[in-house]
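The values are calculated or read from the model by the stated rules, or taken from the named source; none is laboratory data. All values reported here derive from a predicted model rather than from experimental measurement. All Cβ positions, glycine included, derive from the backbone under ideal geometry; neighbour counts span all protein chains shown.
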Amino acid sequence: MITDRIQTDLLIVGAGPAGATTSLFLAKMGIPHTIVDAAAFPRDKVCGDGLDLKVFRVLQHLDPNITASEVFDHQEFLQSWGARIITPNGRVTDFVQPEPPEGAPLRSVLWTSKRLHFDQFLIKKLDRRFANFLPETKVEKIERDGKRWRVQARKSDGTMLEIDTPLLIGADGDHSVVLRSIGGRSIERRHYAGTLRQYWKGVSGLHPKNLIEVYLPKGLPLSYFYIFPLPNGEANVGYGMVSELIAKYKYNLRDLFKKILTEDPNMAPRFRDAQPLEEPIGWGIPLASRRRKNFGDGYLLTGDAASLVCPTSGEGIGTGMVSGYIAAHFAQKALNNKQFDAEVFKNYDREVYRRLEGEIRVFQNLMRFQPWRMYDWGLNLIAPQPYLQRAFKNLHSGWLETAFEKKIEVNLD
C-alpha cells in the first residue's frame, strides 16, 4: 500500500559519486530535485579507492575551496605522487611527479580514499535547499506512465513511496534497477571485469611518496594486481581481469589472488608480516569498452549504470562524476524547455564518450588481436623505457592545468 506520494521534476536513483555529483550541480543551478539511495550513509562500496584528476576537475568546478583546502585537510584522504609499475619479470619502474616550482600550489596527480569516506564527503555537500535526499529508500518498481515515470520505493521503516517525475537519472550502479526497468542489457563478458578487494595493514615496501602500485602478473593477460596506499598505514589490495578471459581459461579469481599474495616471488614477501583487515570481497566492473546508448525518453544513465569504468585503468569514480556533471547540464536544458523526449538528450553519449575514445580503442585492439603470446614480453620491454618516465614528467603539468584550470566543456547541441 502506498502511504506517501512525492511529485518532483527530477529523480536521481543512486547517491554514489555519479548521483551525488549530478545532485550537487543541479543544486548549483538552483534546480530542485529528489535523490534516493537504498543505503544508509556512510556506507562501504567495494572499489579500488583511487581518485584521479577527473575527480578533482569536477570538484574544482563545484567549488575551488574544496580542492584548495578541504581535501588537503581531510585525514581520510592520502596524496599519491605517482605510480609504480611492476612488470611480469619483476622489474619496478616508478613514475614520480616532479617537485612543483617554488610558490606553485602543491597538487598531486592522484589521491586515495576509502569509498566509505569519499562518498560520505560528497553526501555531506548535498544542498538540502534543492536536494530532497532520501537515504535508506530502496526503489522496487519503475513504470512508464505516458510521458512520466511512476517509481515505487520502500523506506527502511516499511513506508511505501510513489514518486512521480518526468525525468529519471539512473546512478544506481552495476545492478541498476533503472537499467532493468528500461529493458537493460545483459552482461557482456568482453566488456566486463571481475575484481577482488581486500584491505591490509602493514604491507612492506610502499614508496615514501605513496605511489599507487600496479603489478602485471606473469602469464595472466589483461589483468592486474594493485596496491593503493591509504591513510593510517593501510592499503587497498586487489586483483582484476576481463571476464571473457576468466571464462575462456577457466580461472578462479580468488585462487589467483591468494597465490599472488602467498607464492608470487614479487609480491608474497611484502605480505608475509602484513595483516588482512577483511576477507577478499568480489565485485563486477562494467567497462566503457564500447559505446552504448545511455539516454532515452525521460531518462539518462550515469556512472556504473552507464558502464563507464575506464577499460584500460579500471578507474570509475572520475568517469562517473564527469558523467554526472554532464547529465546535470542536459537535465537543465530539458527542464528549461519542458521537453523530456530522447531528442533533447541525443548528444549526451557523444559528450560522455569523447573523453574515453582513446582508452576504448586501446582495449578493443587488445581484445581483437589478443597478442597474449607476446603480452608479457611486450610489457617487460616497454614499461621500463626511460622515454615513458620523461613523458610522464613532461605531461603531468598539463594534466594538473587541465584538472584545476580548464573548464569542462559540455556541448548540448
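So here's what we get for this one:
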| read-out | value |
| --- | --- |
| Candidates ILE212, ILE163, filtered to the one that is under 23 Å from HIS74 (Cα atoms) and modelled with pLDDT of 95 or more | ILE212 |
| Residue that is over 29 Å from LEU26 (Cα atoms) and of a type in the set (D, E, K, R), where the choices are ARG361, ARG355 | ARG361 |
| Inter-residue pairs, beta-carbon under 7 Å, first touching a residue at least 12 places away in the same chain (Cβ under 8 Å) and in segment 340-358, second part of a helix (DSSP H, G or I) and loosely packed, with under 13 Cβ neighbours inside 10 Å, 6+ apart | VAL344/ASN337 |
| Considering residues of segment 104-144 that are farther than 17 Å from PHE25 by Cβ and acidic (Asp, Glu) only, the residue surrounded by the fewest Cβ atoms within 10 Å (Cβ to Cβ) | GLU143 |
| Filtered residues of segment 168-211 (kept if of a type in the set (A, V, I, L, M), touching a Ser or Thr at 6+ places or on another chain (Cβ under 9 Å) and in a loop (DSSP other than H, G, I, E, B)) | ALA171, ILE187, LEU211 |
| Criterion (without any contact (Cβ under 8 Å) to a residue 40 or more places away in the chain, closer than 28 Å to THR302 by Cβ and not hydrophobic (A, V, I, L, M, F, W, C)) met by exactly one of SER243, SER223 | SER223 |
| Residue pairs meeting the criteria (Cβ under 8 Å; at least 6 apart or on separate chains; first without any contact (Cβ under 8 Å) to a residue 60 or more places away in the chain and farther than 17 Å from LEU78 by Cα, in segment 89-117; second surrounded by 13 or more Cβ atoms within 10 Å (Cβ to Cβ) and of a type outside the set (A, V, I, L, M, F, W, C)) | VAL92/ARG84; PRO100/ARG107 |
| Lone qualifier among LEU301, LEU366 - being surrounded by 14 or more Cβ atoms within 10 Å (Cβ to Cβ) and more than 28 Å from MET29 (Cβ to Cβ) | LEU366 |
| Residue count, segment 155-167 (criterion: among the charged types (D, E, K, R) and either in a helix (DSSP H, G or I) or more than 20 Å from THR8 (Cβ to Cβ) (or both)) | 1 |
| In segment 378-389, the residues that are in a helix (DSSP H, G or I) and either exposed (fewer than 15 other Cβ atoms within 10 Å of the Cβ) or in contact with a strand residue (DSSP E or B) (Cβ under 9 Å, 6 or more places away or on another chain) (or both) | GLY378, LEU379, LEU381, ILE382, PRO386, TYR387, LEU388, GLN389 |
| Filter result for the condition that a residue is surrounded by 16 or more Cβ atoms within 10 Å (Cβ to Cβ), over 30 Å from GLU140 (Cα atoms) and hydroxyl-bearing (Ser, Thr, Tyr), over THR67, THR21, THR8 | THR67 |
| Answer from LYS407, LYS393 - the residue that is assigned to a helix (DSSP H, G or I) and out of contact with any helix residue (DSSP H, G or I) (no Cβ under 7 Å at 6 or more places or on another chain) | LYS393 |
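Table: residues versus (1) closer than 30 Å to GLY146 by Cβ; (2) more than 27 Å from the chain's Cα centre (by Cα); (3) surrounded by 13 or more Cβ atoms within 10 Å (Cβ to Cβ).
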site	(1), (2), (3)
ASN336	yes, yes, no
ASP376	no, yes, yes
ASN394	no, no, no
VAL410	yes, no, yes
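Every residue, every condition in (1) among the small types (Gly, Ala, Ser); (2) in contact with a Cys (Cβ under 7 Å, 6 or more places away or on another chain); (3) buried (at least 21 other Cβ atoms within 10 Å of the Cβ); (4) not in a helix (DSSP H, G or I), yes or no:
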| residue | (1), (2), (3), (4) |
| --- | --- |
| GLU213 | no, no, yes, yes |
| GLY219 | yes, no, no, yes |
| PHE225 | no, no, yes, yes |
| ALA235 | yes, no, yes, yes |
| GLY240 | yes, no, yes, yes |
| ALA247 | yes, no, no, no |
| LYS250 | no, no, no, yes |
| LEU256 | no, no, no, no |
| ILE260 | no, no, no, no |
